[in-house]
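**Student:** First the structure, then my questions, so here it is.
The values are calculated or read from the model by the stated rules, or taken from the named source; none is laboratory data. Note that the coordinates shown come from a computational prediction; the quantities given were computed from them, not determined experimentally. Because the Cβ atoms are built from the backbone with ideal geometry, glycine has one as well, and the counts that use them run over all protein chains shown.
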Amino acid sequence: MQIPSLDPNVAARKGFRESEERVKRFWKAVHVAPAEGGWAVLLDGRMPKTPSHAPLIVPTGAAARMLSYEWADQGEFLEPATMPATRLASTAIDRVSQAREAVADEIAAYAGSDLLCYLAEDPSSLVERQAREWAPWRAWAAAELGVHLEPAEGIVHRPQDPAAVARVRELALRLDDFALTGLAMAVPLLGSAVLGFALQRAADGADALFDASRLDEAFQEERWGVDAENAERTAARREEARLLARWFAALG
């Protein structure tokens, strides 16, 4: 899902801006305070801004605290790569707020080919594992989201009921910009609109949902082993799922 995130070379004394230069830390104290329309991080009493120069204001105090920890943890130089919650907030304010319909379309498209609906034909041990771990989530989607998705064996695309896809889009558009941004990141990470909503609604823990999303991959690893590069990539993706779970919890 192509939702632009915060430029990796950003920051300025008055907020974030594009720059190829490393920016030295310019603040000492980090605080969280109410602001018009929500909560803000204050750096020596000054509010940072997004790359588009909008006030960096989030809906809840808990979300603002997530951002404040990232600012407080910076060392001598600002390292935007270590500030994922700040990037989420900036993306919500600058980009997703201006493209909600398109973002919801992308999320709905995942429901049309949801990971949980493509079942293996063999071996039997994988078939059984998918049935055990994925069928309950399809049932959850039907009961909790009103989204009925039909599974199919094999990799041939099976169109889903347009009403189910439309329902996913509707649910996405009900979210505010900040939750919608998190969902837009969670769905492609997990390969599933259902698992993305489950993460957003805290229907299960991040680790369990991430494990469900990579069931096939884990099955292959058990048979053939794991290489170091893939293990590192998996660990990074797992941390992203955990971050998103914290983001949704902070939004309340």
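**Student:** Looking at Tyr110, is it in contact (Cβ under 8 Å) with a residue 24 or more places away in the chain, within 22 Å of Ala198 (Cα to Cα) and surrounded by 20 or more Cβ atoms within 10 Å (Cβ to Cβ)?
**Tutor:** Spelling it out, Tyr110 is indeed in contact (Cβ under 8 Å) with a residue 24 or more places away in the chain, within 22 Å of Ala198 (Cα to Cα) and surrounded by 20 or more Cβ atoms within 10 Å (Cβ to Cβ).
**Student:** Of the numbered conditions (1) in contact with a Phe, Trp or Tyr (Cβ under 9 Å, 6 or more places away or on another chain); (2) within 21 Å of Ala208 (Cβ to Cβ); (3) modelled with pLDDT of 95 or more, Val96 fails exactly one; give the number of that condition.
**Tutor:** The single condition Val96 does not satisfy is (2).
**Student:** Looking at Phe210, Phe219, Phe248, which is the one that is under 18 Å from Arg87 (Cβ atoms) and either of a type in the set (Gly, Ala, Ser) or in a helix (DSSP H, G or I) (or both)?
**Tutor:** Residue meeting the stated conditions: Phe248.
Conditions (1) in contact with a helix residue (DSSP H, G or I) (Cβ under 9 Å, 6 or more places away or on another chain); (2) buried (at least 23 other Cβ atoms within 10 Å of the Cβ); (3) among the hydroxyl-bearing types (Ser, Thr, Tyr), marked per residue:
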residue	(1), (2), (3)
Val187	yes, yes, no
Phe197	yes, yes, no
Arg201	yes, no, no
Leu209	yes, yes, no
Leu215	yes, no, no
Arg223	no, no, no
Val226	yes, no, no
Asn230	yes, no, no
Arg237	yes, no, no
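**Student:** Would you check which residues across segment 108-160 are touching a helix residue (DSSP H, G or I) at 6+ places or on another chain (Cβ under 7 Å), in a helix (DSSP H, G or I) and more than 20 Å from Asp211 (Cα to Cα) and list them?
**Tutor:** Of everything in segment 108-160, those that are touching a helix residue (DSSP H, G or I) at 6+ places or on another chain (Cβ under 7 Å), in a helix (DSSP H, G or I) and more than 20 Å from Asp211 (Cα to Cα) turn out to be Ala108, Gly112, Leu145.
**Student:** Moving to a separate point now. With the condition kept exactly as written, say whether any residue in segment 194-208 is free of Cβ contacts under 8 Å to residues at least 12 places away in the same chain, among the charged types (D, E, K, R) and over 19 Å from Ser90 (Cα atoms). Write out each step before concluding.
**Tutor:** First, the residues of segment 194-208 that are free of Cβ contacts under 8 Å to residues at least 12 places away in the same chain: 204, 208.
Then drop every residue that is not among the charged types (D, E, K, R), which leaves 204.
Next cut, over 19 Å from Ser90 (Cα atoms) only: 204.
Yes, some residue in segment 194-208 is free of Cβ contacts under 8 Å to residues at least 12 places away in the same chain, among the charged types (D, E, K, R) and over 19 Å from Ser90 (Cα atoms).
**Student:** Is it fair to say Arg132 is touching a residue at least 60 places away in the same chain (Cβ under 8 Å) and more than 24 Å from Glu239 (Cβ to Cβ)?
**Tutor:** Criteria not met by Arg132.
**Student:** A further question on this structure: Restricting attention to segment 34-55, which residues are in contact (Cβ under 8 Å) with a residue 40 or more places away in the chain and either hydroxyl-bearing (Ser, Thr, Tyr) or crowded, with 21+ Cβ neighbours inside 10 Å (or both)? Don't jump to the end; show me each part of the working.
**Tutor:** The initial filter retains those residues of segment 34-55 that are in contact (Cβ under 8 Å) with a residue 40 or more places away in the chain, namely 50-52, 54.
Passing the criteria: Thr50, Pro51, Ser52.
**Student:** Working only within segment 23-33, note down all residues that are without any contact (Cβ under 8 Å) to a residue 40 or more places away in the chain and either surrounded by 15 or more Cβ atoms within 10 Å (Cβ to Cβ) or in a strand (DSSP E or B) (or both).
**Tutor:** Listed by number, the residues that qualify are His31, Val32, Ala33.
**Student:** State yes or no: is Trp27 of a type in the set (Phe, Trp, Tyr), modelled with pLDDT under 95 and outside the structural domain of Arg246 (by TED's automatic domain parsing)?
**Tutor:** In short, yes.
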